[in-house]
1. Output the residue which, of all residues in the range 126-170 that are surrounded by fewer than 11 Cβ atoms within 10 Å (Cβ to Cβ) and not in a helix (DSSP H, G or I), is modelled with the highest pLDDT.
2. Do we have ALA29 as surrounded by 13 or more Cβ atoms within 10 Å (Cβ to Cβ) and closer than 15 Å to ARG68 by Cα here?
3. Out of the range 90-125, which residues are open to solvent by 60 Å² or more (accessible area, probe 1.4 Å), over 30 Å from ASP155 (Cβ atoms) and either among the basic types (Lys, Arg) or within 14 Å of the chain's Cα centre (by Cα) (or both)?
4. List the pairs whose first member sits in the range 40-67 and is within 17 Å of ALA25 (Cβ to Cβ) and among the aromatic types (Phe, Trp, Tyr), whose second member is at pLDDT 60 or above and surrounded by 11 or more Cβ atoms within 10 Å (Cβ to Cβ), and whose Cβ atoms are under 7 Å apart, counting only residues at least 6 apart or on separate chains?
5. Which one of VAL27, VAL34 is part of a helix (DSSP H, G or I) and at pLDDT 85 or above?
6. Scan the range 7-33 and report the pairs whose first residue is charged (D, E, K, R) and whose second residue is assigned to a helix (DSSP H, G or I) and open to solvent by 50 Å² or more (accessible area, probe 1.4 Å), with Cβ atoms within less than 7 Å and a gap of 6+ or a chain change.
7. Just to verify a result, which residue in the range 32-42, among those that are more than 15 Å from GLN8 (Cβ to Cβ) and of a type in the set (D, E, K, R), is surrounded by the fewest Cβ atoms within 10 Å (Cβ to Cβ)?
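The values are calculated or read from the model by the stated rules, or taken from the named source; none is laboratory data. These numbers were taken from a predicted model, which means no experiment stands behind them. Heads up, the Cβs are rebuilt from the backbone with ideal geometry, glycines too, and the neighbour counts pull from every protein chain shown. With ligands, DNA and RNA removed, areas are computed over all heavy atoms of the protein, side chains included. Shrake-Rupley method; radii C 1.70, N 1.55, O 1.52, S 1.80 Å.
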Amino acid sequence: MTDEPKTQSDLWRLVRRDFQSGDAAAVVAERYGVSERSVQRHAAAGGWRRQDQRRDPGRGPARERLVRRGVVPDFSLPPGDTELEKARLAHEKDLFTLLVDPQPAELRRYAFKQACEAAAMRRPAEAASWMRLVVLSQRTGRTLEQEAGPFRDTDHILAAFLEATKAVEAVDALVAATAERASGVSGPQEDAP
């Protein structure tokens, strides 16, 4: 190391220089005897960008800082990209299915997809957590499937909802027919004997 920092500000100036030149946060942290998290925090707070990172011109720096800090989710999609929209909708459908009608096989499938995504995004700890859920759902899933009867609670709720919907439609039809008769609009009237 050619530059020896004399003050704290000199230290962070050197850390910034090395980080922005493309060195990883872990390498810079070890080089200067600071924690990797401190380097990451200073980089996020100062808006440091490494040379190998490109800036998205479609977003302002303030929003970008909030997205980086995790305050604001990044839901931006390229315009006209229907494949990403389909993927987002499929993800929402998976979440809805897990919420409304949870099945062990569906939970395993969802957890495995999430583990694959986390691994592809280089988040090994998150991938390992999802894989633990896959293993646990395999263990307990067989028991849950054996204990399940032919009709689940959701089946009964759905049936009650459909029956209630039919009853409401029948009442609406009866009210409409009564109103038509009262106003004399409904076809020919029968003659009284």
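1. Looking at residues that are surrounded by fewer than 11 Cβ atoms within 10 Å (Cβ to Cβ) and not in a helix (DSSP H, G or I), I get PHE151.
2. Details: surrounded by 13 or more Cβ atoms within 10 Å (Cβ to Cβ): yes; closer than 15 Å to ARG68 by Cα: no.
Spelling it out, it is not the case that ALA29 is surrounded by 13 or more Cβ atoms within 10 Å (Cβ to Cβ) and closer than 15 Å to ARG68 by Cα.
3. Residues satisfying the conditions are GLU117, ARG122, ARG123.
4. Matching pairs, first to second residue: TRP48/ARG16; TRP48/PHE19; TRP48/GLN20.
5. Values: VAL34 fails: part of a helix (DSSP H, G or I).
The unique qualifying residue is VAL27.
6. Filtered contacts from the range 7-33: ASP18/ARG31.
7. Filtering the range 32-42 for residues more than 15 Å from GLN8 (Cβ to Cβ) gives 36-37, 40.
Checking which are of a type in the set (D, E, K, R) leaves us with 36-37.
Working: GLU36: 14, ARG37: 10.
Per the stated criteria, the residue is ARG37.
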